[in-house]
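Have a look at the structure below before the remarks.
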Amino acid sequence: MQLPLNSASFEIQELSDAAHDMLRPDLFVSGSWREADGITRAVNYVEWYEGQAARHAPFFHNPEICLPSAGAVLVESYGTLEIPWQGGIIPFQTYHFKSLNRDMVVAFTVWDPTRGEPLRNPPQSAGWSGWIARQWQDVAEARQHQPAQLFTIALYGLENRGRLADEVLRLMVPRDPAP
């Protein structure tokens with residue numbers, strides 16, 4: 001992601017010590033800004049490089065969990081927004097939240113950069129067999145580390161729902177191909 005960190009209107013939001021201890025991110029960037037179009041945007045970008053923190057942390061620190069914990073009300077789930085990217089699709093979960101009488105449309109994804117696919121927890125309905133299957137897959141692949149990227153964007157104003165895909169694409173930058 002290429003965030004407008006040098007923009008005069010970009011306000012960085014620091015991660016609290018308690019949240020840092022819980023998430024254990026290797027990289028955390030969060031902030032908001034307003035552009036000439038008058039739309040306020042907010043983003044969170046988190047990366048985990050090594051270890052196992054990413055196996056669970058992105059599923060406890062995402063808009064579905066954090067926004068209601070901060071007092072926002074989930075108004076509606078819009079489902080999956082598919083963003084075409086470098087020969088594939090990145091699925092973003094999308095929502096309408098209301099906070100302090102302000103509407104916001106939100107999109108987020110949790111991505112496994114080594115597999116080039118979304119990082120997902122086995123569904124609760126999979127039970128122990130789903131958990132064991134996931135563990136066995138990691139053993140079979142000799143995966144010692146679970147890297148992950150969590151990206152969230154919020155646009156203030158319900159009228160901006162149709163802009164989510166363009167806003168996500170505008171912030172994404174291609175990685176250089178591996179040598």
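Here are a few things to note about the model shown:
- Selection count, segment 85-118, where residues are modelled with pLDDT of 90 or more and part of a strand (DSSP E or B): 21
- Selection from segment 60-106 of residues that are surrounded by 19 or more Cβ atoms within 10 Å (Cβ to Cβ) and in contact with a His (Cβ under 9 Å, 6 or more places away or on another chain): Met104, Val105, Val106
- Qualifying residues in segment 43-82 (those that are within 14 Å of the chain's Cα centre (by Cα) and β-branched (Val, Ile, Thr)) - the one nearest to Leu169 (Cα to Cα): Val43
- Subset of segment 28-44 [surrounded by 16 or more Cβ atoms within 10 Å (Cβ to Cβ), touching a Gly at 6+ places or on another chain (Cβ under 9 Å) and of a type in the set (A, V, I, L, M)]: Ala42, Val43
- Identity of the residue in segment 23-39, closer than 21 Å to Met104 by Cβ and assigned to a strand (DSSP E or B), that ends up farthest from the chain's Cα centre (by Cα): Arg34
- Which numbered condition Gln52 fails, given (1) of a type in the set (S, T, N, Q); (2) under 26 Å from Phe10 (Cβ atoms); (3) surrounded by 14 or more Cβ atoms within 10 Å (Cβ to Cβ): (2)
- Single residue of segment 2-22 satisfying the filter (part of a helix (DSSP H, G or I) and among the aliphatic types (A, V, I, L, M)) that is nearest to Tyr45 (Cα to Cα): Ala19
The values are calculated or read from the model by the stated rules, or taken from the named source; none is laboratory data. Given the structure is predicted, the values throughout are model-derived calculations rather than measurements. As a convention, Cβ positions derive from the backbone with ideal geometry for all residues, glycine included, and neighbour counts pool all protein chains shown.
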